[in-house]
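Here's the structure we're looking at; comments come further down.
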């Protein structure tokens with residue numbers, strides 16, 4: 001049954017060959033959503049009838065004119081911080097429970113032009129920072145590999161819905177790891193592109209100098225396809241870079257021979273030691289890359305603690321600035337978790353913020369110098385399997401440094417992908433990181449690994465039930 | 001790690017931020033404030049080999065700089 005869920009690339013080929021109907025593809029996704037959404041809470045808003053109507057219209061157009069490209073007719077959904085014209089965009093918060101945007105976000109528009117069909121809006125941690133929370137108008141998303149566990153966040157609904165086959169891809173945002181974390185704990189793929197690669201215009205902010213938009217999907221190749229539709233200069237986002245958009249699939253199939261991969265061993269062995277299964281997955285990946293002709297050697301970056309201090313001071317400061325007026329008017333509108341976290345940002349000073357921004361330049365320069373001879377970096381994405389959803393401490397981000405925020409601080413692209421399963425049967429993952437604007441090489445290495453491994457043939461067991 | 005400020009000093013920080021918190025919430029946040037203080041110190045720690053209070057460090061261009069260079 002689970003083998004019937006195609007990747008975006010497979011579905012695109014079949015739709016182009018007219019051997020797969022977009023209507024049937026949509027019905028299959030809606031069927032999985034109907035069966036599993038009650039246990040997973042991946043969606044805040046699921047509009048099956050609108051999705052069916054759009055699939056019928058797409059099918060008629062494709063039959064008449066052929067597909068626009070590989071995303072035409074693909075079941076998809078947006079994290080509920082992406083603004084959608086005429087459709088509520090709540091940030092999973094009581095604060096914006098009745099917010100109906102007048103216009104689509106830039107990336108929503110680009111993806112719609114490419115032909116994706118939206119099933120609805122996906123759960124998130126409140127304003128991409130507060131979760132998992134049980135005191136919001138909607139329940140938190142759960143992990144399809146075991147619904148007693150969290151899917152990570154903040155792109156929690158996207159991770160859950162992709163892994164469960166309710167959609168073939170979806171949008172996420174990443175300020176400290178919110179694309180790469182759910183991709184890791186849900187056993188899928190997710191890319192945080194280079195800062196400035198994708199517009200954030202029309203996406204509710206968490207911390208503007210760290211915020212990135214990007215896709216999550218079942219495979220690395222699918223992420224490359226989606227990023228191709230999302231990327232591009234947008235004058236409405238001051239951080240958007242006016243750089244050429246490459247063919248993100250252009251290097252797929254080229255192997256890894258000759259690539260120089262820096263192994264950031266101290267991140268996951270010393271700075272924040274990972275589980276045995278996570279460590280094995282990363283070590284096995286390093287051995288695989290070596291066997292395939294890549295040069296893999298240890299590199300030493302600034303410590304995770306340094307990156308986390310810098311990243312969290314910036315994130316907390318900027319997040320409080322976004323929410324200051326709402327917090328002062330009625331902080332009780334927020335869930336407890338986000339409300340308490342936001343308070344920390346209100347207590348920081350301008351000097352704290354500027355010291356952190358200055359530290360950011362220093363950390364980025366030290367990182368660039370340390371990896372001057374590398375094409376890619378390899379380390380962990382998460383410390384282990386997903387924890388139980390009812391056992392996530394409010395202050396987890398202060399207790400141990402995370403593996404993903406270093407590359408929000410530098411703005412470098414990071415790709416997370418599955419490396420197997422842990423003792424609890426939930427996925428574990430690795431993180432590959434590239435130099436700025438090197439996403440095609442990142443996809444090349446990730447895709448090469450993924451195709452050689454068996455992980456893409458296995459879906460969460462609940463889909464077999 | 002425990003915070004190195006008193007409850008009164010913490011109350012002053014909250015007042016400056018314009019936030020009024022119930023006692024329980026205030027105590028919970030104060031309990032973790034030490035971790036934030038460690039971060040405040042970390043971002044002020046100079047890089048390896050740099051003098052902590054040098055003129056060069058003090059006069060280094062801030063990261064957040066207003067510029068009209070693009071309009072010239």
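The values are calculated or read from the model by the stated rules, or taken from the named source; none is laboratory data. These figures come from a predicted structure and were not determined experimentally. No Cβ is skipped: glycine too gets one built from the backbone with ideal geometry, and neighbour counts run over all protein chains shown.
Of note:
- Selection within the stretch A:312-322 - facing chain B (nearest Cβ under 7 Å) and surrounded by fewer than 20 Cβ atoms within 10 Å (Cβ to Cβ): none
- Out of A:187, A:232, sole residue that is closer than 30 Å to residue A:293 by Cα and in contact with a helix residue (DSSP H, G or I) (Cβ under 9 Å, 6 or more places away or on another chain): A:187
- When the helices (runs of 4 or more DSSP H) confined to chain B are screened for residues that are facing chain A (nearest Cβ under 10 Å), those reaching at least 3 such residues are found at B:7-17, B:23-42.
- Candidates A:439, A:399 - the one that is without any contact (Cβ under 8 Å) to a residue 40 or more places away in the chain and touching a helix residue (DSSP H, G or I) at 6+ places or on another chain (Cβ under 8 Å): A:399
- Residue within the stretch A:382-395 that is within 21 Å of the chain's Cα centre (by Cα), outside any loop (DSSP other than H, G, I, E, B) and either more than 10 Å from chain B (Cβ to nearest Cβ) or modelled with pLDDT of 95 or more (or both) present: yes
- Test set (1) over 22 Å from residue B:46 (Cβ atoms); (2) surrounded by fewer than 23 Cβ atoms within 10 Å (Cβ to Cβ) - residue A:300 fails condition number: (1)
- Filtered residues of the stretch A:42-53 (kept if surrounded by fewer than 22 Cβ atoms within 10 Å (Cβ to Cβ) and either outside any strand (DSSP E or B) or modelled with pLDDT under 95 (or both)): A:47, A:48, A:49, A:50, A:52, A:53
- With respect to (1) surrounded by fewer than 23 Cβ atoms within 10 Å (Cβ to Cβ); (2) facing chain B (nearest Cβ under 8 Å), the lone exception for residue A:306 is condition (1).
- Residue check for residue A:411: farther than 20 Å from residue B:30 by Cβ, touching a residue at least 40 places away in the same chain (Cβ under 8 Å) and over 21 Å from the mean Cα position of the chain (by Cα): no
- Residue within the stretch A:336-355 that is facing chain B (nearest Cβ under 8 Å), modelled with pLDDT of 95 or more and assigned to a loop (DSSP other than H, G, I, E, B) present: yes
- Where residue A:325 falls short, out of the listed (1) surrounded by fewer than 24 Cβ atoms within 10 Å (Cβ to Cβ); (2) in contact with a helix residue (DSSP H, G or I) (Cβ under 9 Å, 6 or more places away or on another chain); (3) within 11 Å of chain B (Cβ to nearest Cβ): (2)
- Residue in the stretch A:69-85 that is more than 20 Å from the chain's Cα centre (by Cα) and under 30 Å from residue A:238 (Cβ atoms) present: yes
- Test: residue A:404 is in a loop (DSSP other than H, G, I, E, B), away from every other protein chain (no Cβ under 13 Å) and either surrounded by 21 or more Cβ atoms within 10 Å (Cβ to Cβ) or in contact (Cβ under 8 Å) with a residue 60 or more places away in the chain (or both): yes
- The test for being surrounded by 24 or more Cβ atoms within 10 Å (Cβ to Cβ) and within 14 Å of chain B (Cβ to nearest Cβ) holds for residue A:409.
- Of note, residue A:365 does not satisfy the criterion of being within 10 Å of chain B (Cβ to nearest Cβ) and in contact with a helix residue (DSSP H, G or I) (Cβ under 7 Å, 6 or more places away or on another chain).
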